[in-house]
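The values are calculated or read from the model by the stated rules, or taken from the named source; none is laboratory data. Model, not experiment: these values are computed from the prediction. Ideal geometry is used to build each Cβ from the backbone, glycine not excepted, and the neighbour counts take in all protein chains shown.
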Protein chains: 2
Amino acid sequence: MEVIKTIKEMQRLHPSLAKPLGLVPTMGFLHQGHLALIRQAKEDNASVVVSIFVNPTQFAPGEDYERYPRDIQNDLVELEKIGVDVVFTPSRGEMYPHGFNSRVEVDRLTSRLEGASRPGHFSGVTTVVTKLFNIIQPQRAYFGQKDAQQVAVIKKMVLDLNMDIRIISLPTVREPDGLALSSRNSYLNPKERQAALILYQSLALAKKLYRQGEKDAARLRGEMVRLIRKEPLATIDYVNITDAETLEELEGIKPPALVSLAVKIGETRLIDNVILG
Amino acid sequence: MEVIKTIKEMQRLHPSLAKPLGLVPTMGFLHQGHLALIRQAKEDNASVVVSIFVNPTQFAPGEDYERYPRDIQNDLVELEKIGVDVVFTPSRGEMYPHGFNSRVEVDRLTSRLEGASRPGHFSGVTTVVTKLFNIIQPQRAYFGQKDAQQVAVIKKMVLDLNMDIRIISLPTVREPDGLALSSRNSYLNPKERQAALILYQSLALAKKLYRQGEKDAARLRGEMVRLIRKEPLATIDYVNITDAETLEELEGIKPPALVSLAVKIGETRLIDNVILG
């Protein structure tokens with residue numbers, strides 16, 4: 001396994017990697033959700049690059065960029081075990097040198113949900129993903145469905161800008177009790193860890209009510225909000241039912257619909273989602 | 001010579017073109033300035049693609065998108081003669097289908113000069129150039145120095161977003177009397193054609209004064225403005241002396257400096273520039 005820290009080295013290396021080449025972009029502190037993406041990438045491609053880069057430009061001011069969990073040593077052990085070909089771990093200065101001034105923007109899709117709560121977040125995501133695509137030139141790139149809006153935004157960017165890359169999204173990996181895996185779960189104390197189940201429980205409720213015939217988005221959302229409010233450690237940021245592709249809010253639920261939410265558990269903001277349909 | 005109208009066909013074709021591949025992006029109505037770029041591209045590369053696309057998103061509202069000169073039949077004759085491998089001429093709907101919503105932005109560099117006079121212009125340029133790069137995947141792309149700011153902006157975009165393409169700019173091609181070649185010269189009546197010489201004359205004056213030792217940007221600019229004002233058909237949009245790379249305005253002239261101007265001759269807006277240094 002090669003560990004590459006500079007853009008120049010990565011650009012020199014990628015033509016020699018067996019094709020098709022799969023890329024799994026991550027911010028590190030790898031969990032089973034990441035590893036599922038990597039396993040799929042290995043299955044689909046002749047070689048696999050994993051990038052580890054905590055991208056400062058996708059954190060809004062006051063968010064957790066500084067304290068975002070990092071454990072590069074353990075990440076490298078996991079990646080070596082799973083048999084990745086290349087790990088690309090550039091520094092902040094390597095990716096954003098002095099005078100950096102360009103952006104990739106996807107409009108509309110990014111104005112809702114996470115985009116509304118985290119100004120500038122998706123501009124940071126689309127810009128860094130474009131850079132990684134150009135540096136590594138993969139044929140396929142893998143993203144977790146836990147970040148459903150991120151997947152929709154990246155697919156739209158690839159479509160609009162004619163990037164020659166297939167975007168593959170894989171189902172959210174969950175703990176046995178339903179909590180979606182996230183590097184940010186490491187912020188939770190034991191009480192909060194228990195309270196965090198409310199995200200999945202409210203999504204499970206939505207699924208159940210929809211299966212029982214509830215097609216009114218406002219009523220479904222109302223039931224979810226009511227359940228979440230019973231958890232004293234939880235503060236709702238948003239709960240939304242939208243078209244799964246355009247992310248436009250729905251009145252009547254037409255499948256595939258995306259039920260997504262962001263909830264603060266204590267000081268930790270968590271997101272999760274399910275698809276109805 | 002193949003003439004390709006769809007993105008899908010172009011994507012299917014480019015892997016079979018001999019490498020290195022050179023791209024010359026144009027808006028058609030080809031003149032000797034374009035042909036000089038194409039000749040250089042042929043010299044440098046094993047195959048050459050010329051794109052012809054009058055890009056609506058780089059025209060500000062009220063500009064000349066609708067009446068911009070077009071002559072695809074004559075363009076194809078010229079390109080066949082010069083021995084281009086592929087001409088890519090997509091339609092507007094092919095490049096910007098319903099729901100298109102993405103942009104590439106370069107900040108700072110685009111806020112001055114043409115960017116200040118033509119809001120949204122460079123966003124249109126960087127977005128369409130990114131699309132063409134992704135669709136055609138050239139190793140080199142060619143641009144005329146007449147659009148000096150466009151060259152600077154595209155080079156910055158390529159650098160910041162790590163696009164794997166060399167940007168090559170070639171000197172402005174001029175008529176024997178000094179007028180810079182431009183598709184928009186076709187708008188000029190004979191009187192205006194004569195008056196349009198004032199752009200080059202004022203740049204020639206700047207060069208002469210600089211060679212004679214004038215290093216004060218305000219004074220140099222003042223002399224240019226005074227000369228242009230003597231031409232009754234000319235209205236100045238801007239005359240600026242800036243750093244050639246950052247496009248920051250200069251007080252004392254440090255080479256390489258860009259002297260650029262936009263002047264309306266009657267209703268026709270023309271631009272030109274020279275480098276001091």
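Considering only the stretch B:129-147, state which residues are within 24 Å of A:Met157 (Cβ to Cβ) and either at the interface with chain A (Cβ under 9 Å from one of its Cβ atoms) or over 13 Å from the mean Cα position of the chain (by Cα) (or both).
Scanning the stretch B:129-147 gives B:Thr130, B:Lys131, B:Leu132, B:Phe133, B:Asn134, B:Ile135, B:Ile136, B:Gln137, B:Pro138, B:Gln139.
Only one of B:Lys230, B:Lys264, B:Lys254, B:Lys208 is at pLDDT below 95 and either closer than 26 Å to B:Glu63 by Cβ or of a type in the set (Lys, Arg) (or both). Can you tell me which?
B:Lys254
Of the conditions (1) within 23 Å of B:Glu245 (Cβ to Cβ); (2) modelled with pLDDT under 95, B:Glu105 clears all except one; give me its number.
Exception for B:Glu105: condition (2).
What pairs come out if I take residues in the stretch A:95-121 that are facing chain B (nearest Cβ under 10 Å) and pair them with residues that are assigned to a loop (DSSP other than H, G, I, E, B) and buried (at least 21 other Cβ atoms within 10 Å of the Cβ) whose C-beta lies under 8 Å away, six or more apart or interchain?
Pairs found: A:Met95/A:Asn55; A:Asn101/B:Leu109; A:Ser102/B:Leu161; A:Val104/A:Leu161; A:Val104/B:Leu161; A:Leu109/A:Leu247.
Scan the stretch A:148-163 for residues that are among the polar types (S, T, N, Q) and within 9 Å of chain B (Cβ to nearest Cβ) and jot them down. Quick ask: steps written out before the conclusion?
First pass over the stretch A:148-163, keeping only residues among the polar types (S, T, N, Q): A:149-150, A:162.
Correct list: A:Asn162 only.
Before we move on, is B:Leu179 within 14 Å of chain A (Cβ to nearest Cβ), farther than 20 Å from B:Ile241 by Cβ and free of Cβ contacts under 8 Å to residues at least 24 places away in the same chain?
So B:Leu179 fails the test.
Looking only at the stretch B:186-193, decide whether some residue is free of Cβ contacts under 8 Å to residues at least 12 places away in the same chain and either in the same structural domain as B:Ile154 (by TED's automatic domain parsing) or in a helix (DSSP H, G or I) (or both).
Yes: one or more hits.
Tally time: how many residues in the stretch B:177-195 are under 15 Å from the mean Cα position of the chain (by Cα) and either basic (Lys, Arg) or under 21 Å from B:Ile135 (Cβ atoms) (or both)?
1
Give me a count of the residues in the stretch B:101-136 that are among the aromatic types (Phe, Trp, Tyr) and within 20 Å of B:Gly62 (Cβ to Cβ).
Qualifying residue count, the stretch B:101-136: 1.
Go through B:Arg174, B:Arg166 for me and flag whichever is surrounded by fewer than 17 Cβ atoms within 10 Å (Cβ to Cβ), under 17 Å from the mean Cα position of the chain (by Cα) and either more than 14 Å from chain A (Cβ to nearest Cβ) or on the phi > 0 side of the Ramachandran plot (or both).
Values: B:Arg166 fails: either more than 14 Å from chain A (Cβ to nearest Cβ) or on the phi > 0 side of the Ramachandran plot (or both).
Being surrounded by fewer than 17 Cβ atoms within 10 Å (Cβ to Cβ), under 17 Å from the mean Cα position of the chain (by Cα) and either more than 14 Å from chain A (Cβ to nearest Cβ) or on the phi > 0 side of the Ramachandran plot (or both) holds for just one of B:Arg174, B:Arg166, which is B:Arg174.
In the stretch A:197-211, is there at least one residue being within 20 Å of the chain's Cα centre (by Cα) and aromatic (Phe, Trp, Tyr)?
Yes: one or more hits.
Taking the stretch A:37-53 only, how many residues are within 23 Å of the chain's Cα centre (by Cα) and surrounded by fewer than 18 Cβ atoms within 10 Å (Cβ to Cβ)? Spell out how you get there, then give the answer.
Taking the stretch A:37-53 first, the residues within 23 Å of the chain's Cα centre (by Cα) are A:37-45, A:47-53.
Pick out the ones that are also surrounded by fewer than 18 Cβ atoms within 10 Å (Cβ to Cβ) and you get A:39-40, A:42-44.
Residues flagged as within 23 Å of the chain's Cα centre (by Cα) and surrounded by fewer than 18 Cβ atoms within 10 Å (Cβ to Cβ) within the stretch A:37-53 amount to 5.
Need at least 1 residues that are among the small types (Gly, Ala, Ser) per element, so show me which strands (runs of 3 or more DSSP E) inside the stretch B:70-179 make the cut, counting only ones lying wholly within it.
B:102-106, B:140-144, B:166-170
Output the residues belonging to the stretch A:15-36 that are more than 19 Å from A:Ile167 (Cα to Cα) and either in contact with a Leu (Cβ under 8 Å, 6 or more places away or on another chain) or buried (at least 17 other Cβ atoms within 10 Å of the Cβ) (or both).
Selection gives A:Leu17, A:Gly28, A:Phe29, A:Leu30, A:His31, A:Gln32.
When you go through B:Gly62, B:Gly28 one by one, which is the residue that is at pLDDT below 95, more than 14 Å from chain A (Cβ to nearest Cβ) and in a loop (DSSP other than H, G, I, E, B)? Talk me through it step by step, then tell me what you get.
On the way: B:Gly28 fails: at pLDDT below 95.
Only one candidate qualifies: B:Gly62.
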